[in-house]
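Note sheet for the following structure.
The values are calculated or read from the model by the stated rules, or taken from the named source; none is laboratory data. Here the structure is a predicted model, which means the values were calculated and not measured. Every residue, glycine among them, receives a Cβ derived from its backbone with ideal geometry; neighbour counts consider all protein chains shown. Accessible surface is based on the protein model in full, side chains and every heavy atom, while ligands, DNA and RNA are left aside. Shrake-Rupley method; radii C 1.70, N 1.55, O 1.52, S 1.80 Å.
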Amino acid sequence: MQKSTIPFLLTSLFVLVLLVSCGSDPVKNLTSAAISQSTYKAPYFSDSKTDYVYKTNISVYGNEMSGIFVVKRISKTAHRVVFTTEFGNKLLDFEISEKDFKVNSIVEELDRKMLIDTLVEDFRLLLRENYTIAQQFDSGNSNVLQARDGRNFNYLFVSKTDGKLTEIRHTTKRKQKISVTFSSENNIFAESITIQHYNIRLKIAFNHFKNQ
Amino acid sequence: MKIKTFLLAFFTLFTVATYAQEQKMTDNETAAFRQSVNAVSKKIQSLSTDFTQFKHMDFLAKDIETSGKMYFKEPDKLLWQYKKPYNYTIVFKNGKILINDEGNKSAMDVGSSKIFAKLNKLIIGSVSGNLFDDKEFIISCFKTKDFNVAKLIPKDAALKKYIRQIELSFDKQDHTVEQVRLVESAEDYTKIVFKNKVQNAKVDDSVFTN
């Protein structure tokens, strides 16, 4: 009896490791496919004439916060991003491009480096337009385009039936860090968006509202 | 030379136009105006009104417009209920803030944040017109074609970070607040316009729940 304990433990450990790594494998259930396009343009925040306005709910470690999220494309490479309370008080005001960001203003309570870094990473993922495709996969319903993002990867899920971008998974080599899911009627404008983090308890939900 | 003349004419015209739009009150006018407003605001026991809020930011093509209903009851109960384009209610009462965001309810203490307490006082004061506190603000008064306007600059440095100036526009006849403009920066303000105001009708305490 005594003898069999160690192999049993080892097997359990192996199964456990296998389960854990399967669970977090970013390309689980995806089959490799031939690259159908070398570049991809994300559609949702690309128009410089549109005011993108969303009612937004942030859930962070059990705390809830809400407000109005506004995005405007201000140049070929940059977006202005503003978050206000429902009353209109500005909580943060950023200018973000793929390489740079500038804090125009932020209230004292939110002025924490870790928080700003997290939001900048999220907003970049949300707003990035141009991708160079390195690999392609097939998920059954979607063509999955893989693009490098520094040392990380972005997997873009593009529906086979209507060509809509439905999800971006931001991953390291082994683990999924963030997912951004879009729901859009026309593939030009996203009516609702969710940013879900997997390494911290942070979720941001955006719901577009029509300006009266 | 021609350009110079044109510019001069242009700026003169512009100055006159600005002047015609808004004229600073004399000391006597200011005193009379402030007295009338104080007398009216003292009589306000309750207030209900529709409101439309315009959030202006220079970089946007259009102001963000939201609207709803507001109730106020002396001394410090206040409810803002946004109905369009989303349902969001915020209640200030007994030192607490109660929120209902599309059915999700939450509460927090005003007391925990000094700045929130000041903002709270400012919002209630804006609505009732009871904001003429020279210890808290530098106050200057103007008249336009439609309104008497009081401009208040906060003296408190912490409050000033959030709101550079508050402009209250009063009805010339009944001396109640018609519009509030909260100026955050040169590019950025929130304007709230009140409509269908009812003063001193019975407002039940049960209104002020989330």
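Structure summary
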| read-out | value |
| --- | --- |
| Residue identified as at pLDDT below 80, surrounded by 14 or more Cβ atoms within 10 Å (Cβ to Cβ) and over 16 Å from the mean Cα position of the chain (by Cα) among B:Val110, B:Val127 | B:Val110 |
| Extreme residue, modelled with the lowest pLDDT, among residues of region B:1-40 that are within 19 Å of B:Glu167 (Cβ to Cβ) and open to solvent by 90 Å² or more (accessible area, probe 1.4 Å) | B:Tyr19 |
| Selected residue (only one of A:Lys177, A:Lys203 is crowded, with 17+ Cβ neighbours inside 10 Å, charged (D, E, K, R) and in a strand (DSSP E or B)) | A:Lys177 |
| Flag if B:Ile153 is at pLDDT 90 or above and surrounded by fewer than 18 Cβ atoms within 10 Å (Cβ to Cβ) | yes |
| Enumeration of residues in region A:112-125 that are touching a residue at least 60 places away in the same chain (Cβ under 8 Å) and either open to solvent by 30 Å² or more (accessible area, probe 1.4 Å) or out of contact with any strand residue (DSSP E or B) (no Cβ under 6 Å at 6 or more places or on another chain) (or both) | A:Thr118 |
| Restricting region A:27-71 to residues that are out of contact with any Phe, Trp or Tyr (no Cβ under 7 Å at 6 or more places or on another chain) and of a type in the set (Ser, Thr, Tyr), the residue that is nearest to B:Asp101 (Cα to Cα) | A:Ser66 |
| Selection status of B:Val180, surrounded by fewer than 18 Cβ atoms within 10 Å (Cβ to Cβ) and closer than 18 Å to B:Ser48 by Cα | no |
| Any chance A:Glu109 is surrounded by fewer than 15 Cβ atoms within 10 Å (Cβ to Cβ), within 14 Å of chain B (Cβ to nearest Cβ) and either over 18 Å from the mean Cα position of the chain (by Cα) or part of a strand (DSSP E or B) (or both) | yes |
| Matching residues, region A:182-203, being within 26 Å of B:Lys83 (Cβ to Cβ) and more than 14 Å from chain B (Cβ to nearest Cβ) | A:Ser183, A:Glu185, A:Phe189, A:Ala190, A:Ile193, A:Thr194 |
| Counted residues, region A:52-72 - those being open to solvent by less than 30 Å² (accessible area, probe 1.4 Å) and either within 11 Å of chain B (Cβ to nearest Cβ) or at pLDDT 95 or above (or both) | 12 |
| Qualifying residue in region A:84-95 (condition: more than 14 Å from every other protein chain (Cβ to nearest Cβ) and in a loop (DSSP other than H, G, I, E, B)) | no |
| Among residues of region B:181-210, those that are farther than 21 Å from B:Ala158 by Cα and either without any contact (Cβ under 8 Å) to a residue 24 or more places away in the chain or aromatic (Phe, Trp, Tyr) (or both), counted | 4 |
| Residue ID - nearest to B:Tyr86 (Cα to Cα), chosen from residues in region A:73-106 that are polar (S, T, N, Q) and surrounded by fewer than 19 Cβ atoms within 10 Å (Cβ to Cβ) | A:Thr85 |
| From the options A:Ser32, A:Ser21, residue that is open to solvent by 70 Å² or more (accessible area, probe 1.4 Å) and at pLDDT below 95 | A:Ser32 |
| Count of region B:25-56 residues which are within 14 Å of chain A (Cβ to nearest Cβ) and not aromatic (Phe, Trp, Tyr) | 5 |
